[in-house]
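Right, one structure below, let's go through it.
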Amino acid sequence: MSDDTQEIRTLIEQWAAAVHRGDMDAVLTGHTDDIVMFDVPPPHDGVRGIDAYRASWPPFFAYQRQGASFEIVSLDVTAGDTVAYAHALLRCGTPEELAEHPESRLRLTVGLRKEQDRWVVAHEHHSFADTTADTTAGA
C-alpha cells in the first residue's frame with residue numbers, strides 16, 4: 001500500500017470515528033473550505049462550503065446519541081498524484097434498525113485533492129440503497 005493510500009485511509013477512518021463520537025472539530029479536519037456534500041437528507045442540490053457542511057451535522061449527532069453505529073465495513077482507495085477517490089460501506093443505524101435490516105449499508109464516496117502536500121476531502125456523497133424500488137422491473 002502506498003503512503004498516499006495509507007494517508008487517505010487514515011484520514012477517512014479518523015473522520016468516521018469522529019462522526020461516531022459526534023466530535024465536530026475532528027469531523028471538519030482534513031476538509032476543504034469549498035467542500036460539496038451530497039447527503040441522504042435534503043437539500044437535494046447538496047451542501048456547499050465548510051460552514052454549510054458544519055451546520056449539517058448536529059441532527060446526525062443527535063441520532064448517534066441514540067446508540068446508532070457508524071462503522072466502516074470496507075474501504076477502497078485509488079490515488080493519483082493530485083487527486084484521489086475512495087468508496088466505502090458503513091454499518092449505520094440503531095441496534096433496532098440493524099437487527100431489522102442487517103444487510104443495510106451506508107454507501108460513501110469521497111473525492112480528495114492534494115493541497116500543500118497533504119490530502120484533503122473536497123467531496124462526500126452518502127447514500128442508502130432505495131429499498132422501496134421494484135427490483136424486478138426490466139428483468
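The values are calculated or read from the model by the stated rules, or taken from the named source; none is laboratory data. Computed from a predicted structure; not experimentally measured. Glycine also receives a Cβ, built like all others from the backbone with ideal geometry; neighbour counts cover every protein chain displayed. We work out accessible area using only protein heavy atoms, side chains counted, and drop any ligands, DNA or RNA first. Shrake-Rupley method; radii C 1.70, N 1.55, O 1.52, S 1.80 Å.
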(request) Check each of the GluC sites (Glu not before Pro) in the stretch 1-88 and keep only those in coil by DSSP with at most 11 other C-beta atoms within 10 angstrom; list them in order. (result) none
(request) Figure the gain on full extension for ASP51 and GLN6 (residue separation times 0.36 nm, minus the Cα-Cα span) and round it to one decimal in nm. (result) 13.4 nm
(message) Taking only the Cα atoms of the chain, how large is their convex hull per residue, in Å³?
(response) 137 Å³
(request) Using only the Cα atoms of the stretch 10-72, build the gyration tensor, take square roots of its eigenvalues as a ≥ b ≥ c, and label the shape rounded, prolate or oblate: rounded if a/c is under 1.5, else prolate if a/b is larger than b/c, else oblate. (result) oblate
(request) Calculate what fraction, in whole %, of the accessible area of the chain sits on carbon and sulfur atoms when a 1.4 Å probe is rolled over the protein chains. (result) 52 percent
(request) Mark the label point 7 Å from the Cα of ASP81 along Cα→Cβ and return the residues of the stretch 106-120 whose backbone N is within less than 20 Å of it. (result) 112-120
(message) With a 1.4 Å probe and all protein chains left in place, how much accessible area per residue does the chain have, in Å²?
(response) 59 Å²
(request) State, to one decimal in nm, how far the label point of LEU89 lies from the label point of SER104, with both points 7 Å from Cα in the Cβ direction. (result) 1.6 nm
(message) So if I average 1/r over every pair of distinct C-alpha atoms in the stretch 38-93 and take the inverse, what Kirkwood radius in Å does that give?
(response) 13.5 Å
